[in-house]
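The values are calculated or read from the model by the stated rules, or taken from the named source; none is laboratory data. It should be emphasised that the depicted structure is a prediction, and the values quoted were computed from it without experimental measurement. Glycine gets a Cβ as well: all are built from the backbone with ideal geometry, and neighbour counts include every protein chain shown.
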Amino acid sequence: MKKLLTLSLAVLMALSLGVTALAANYDPDATIVSNITEVNQQAAPGGIFSIAEYGFHEYEGMVNMDPAAAPYEGRSNTVAPGKTLYIPLLTEDGSDNVGLVTKSDAVKSATARASYILGKDQVSSISIVYKKYSGLTGAALTALGIDTAPATGTGYAYFLAVATRASTSTATKDIAADVTIKKTSGKVDDVDAKVEFTFRLNLACAYYYDEGSKYIITSDYKIFDPDGDEGEQTFNFSKDDNSYFEVDVTGQSKILVKANVRFNPTVAAKYPQANLDFFSGSGTFNKIGTLYLHAEPGSYLYNLNADGTLTRNKAHYDEYAEKFEIRTRTLGSYVISDIELDVTPPATEAPQPEAPSPAPSVPPTTGGVVTTKPNPGTGAAA
């Protein structure tokens, strides 16, 4: 049977990438899978045969399998905390042509179990998933060693999904585990499809850092490290070309930063008459800087608080530059409206005290004997 992986099985990758050198050390040819051991394999055509050498990241809801894409979009040996790495499951047909696993029977009753060497606390789950992919070009097929594909460009296939836990640390954490994929029963196209193999998974869990774009703040967390830079610097936003942040980075330590302009439907539903723009940032700097937030003349600026409420922000507006000038250390969350909004908290009525219940009546007594009135016509007491 054709051997799928061409890497040296005797070499175990021990990725220990320094965060500040992640971009410089990033090697698109590095693999995250090694030491495959075939314990029991009867792979039917279309059934699971093995696993790819590389992992891929999700981009716009799909697994981006373009090997030429950026490290956090295309294949990679690094996954960001809170993100998922997708490793394609592979099969062979009757002519030893390698392809992606696409048949549900191939993974029916299949399980993936991990025995961790390092980084167990960094992983939330390892599972087999059915996922839409994109970017499966000829270059991608060659890089993966795939001879046939159900669909180039975009399609669906099965992947081993390695989901990591969210973190606010800027440190790199290694993940190493022996993973076993096992399927002891079932058929594919009426042919027995039993398989069990173990491989060594090696990858680094770290936020992305790129020396060449460190002053561009993206919508996903990335590390900012001034690395000796001093004085006032300008940060641009990948999702907002018209806004920017200026701050003195002298003595600044590494921090995580991100910013997006995602629409907030919950806030918008409260103000249906207004045209609202949103800015949501994260990251606190050592020194106070100025956030220049683009807005049309006549706009109103509000802080978007953690509880979803708004408070008016009376930052200076530069009519020539068409920007609010917000003095701050922290990239916060803001709402820009074309009309003034009523942000007064709704009045709440104070609870009314309950009226005391009347005391029960007690019949008068005489000398300790209860006095009753006769019931007319009966001779009985009322």
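So here's what we get for this one:
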quantity	calculated
Test: residue 199 is within 22 Å of the chain's Cα centre (by Cα) and farther than 16 Å from residue 57 by Cα	no
Filter pass, residue 215 being buried (at least 20 other Cβ atoms within 10 Å of the Cβ), outside the structural domain of residue 107 (by TED's automatic domain parsing) and hydroxyl-bearing (Ser, Thr, Tyr)	no
Of residues in the stretch 199-214 being hydrophobic (A, V, I, L, M, F, W, C) and assigned to a strand (DSSP E or B), the one nearest to residue 123 (Cα to Cα)	205
Test: residue 120 is closer than 23 Å to residue 206 by Cβ and touching a Cys at 6+ places or on another chain (Cβ under 7 Å)	no
Strands (runs of 3 or more DSSP E) contained in the stretch 215-305 and holding at least 1 residues of a type in the set (A, V, I, L, M)	222-224, 240-248, 255-260, 276-282, 284-294, 300-304
Inter-residue pairs, beta-carbon under 6 Å, first more than 22 Å from residue 241 (Cβ to Cβ) and in the stretch 252-266, second in a strand (DSSP E or B), 6+ apart	252/286; 254/223; 255/224
Spans of strands (runs of 3 or more DSSP E) in the stretch 69-135 with at least 3 residues of a type outside the set (D, E, K, R) and modelled with pLDDT of 90 or more	84-92, 111-118
Filter result (part of a loop (DSSP other than H, G, I, E, B) and surrounded by fewer than 17 Cβ atoms within 10 Å (Cβ to Cβ)) within the stretch 164-185	165, 166, 168, 169, 171, 184, 185
Test: residue in the stretch 228-242 that is closer than 29 Å to residue 342 by Cα and surrounded by fewer than 18 Cβ atoms within 10 Å (Cβ to Cβ)	yes
Failed criterion for residue 194 (all others in (1) modelled with pLDDT under 95; (2) exposed (fewer than 14 other Cβ atoms within 10 Å of the Cβ) hold)	(2)
Test: residue 280 is under 27 Å from the mean Cα position of the chain (by Cα) and among the small types (Gly, Ala, Ser)	yes
Residue in the stretch 31-38 that is in a strand (DSSP E or B), modelled with pLDDT of 70 or more and among the small types (Gly, Ala, Ser) present	yes
Only one of 224, 285, 199 that is without any contact (Cβ under 8 Å) to a residue 60 or more places away in the chain, under 30 Å from residue 161 (Cβ atoms) and out of contact with any helix residue (DSSP H, G or I) (no Cβ under 9 Å at 6 or more places or on another chain)	224
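Let's see how each residue does on (1) closer than 30 Å to residue 246 by Cα; (2) at pLDDT below 95; (3) more than 33 Å from the chain's Cα centre (by Cα); (4) surrounded by 10 or more Cβ atoms within 10 Å (Cβ to Cβ):
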| residue | (1), (2), (3), (4) |
| --- | --- |
| 307 | yes, yes, no, no |
| 329 | yes, no, no, yes |
| 334 | yes, no, no, yes |
| 345 | no, yes, no, no |
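Matching residues to (1) modelled with pLDDT of 90 or more; (2) closer than 22 Å to residue 284 by Cβ; (3) polar (S, T, N, Q):
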site: 162; (1), (2), (3): yes, no, no
site: 202; (1), (2), (3): no, no, yes
site: 223; (1), (2), (3): yes, yes, no
site: 230; (1), (2), (3): yes, yes, no
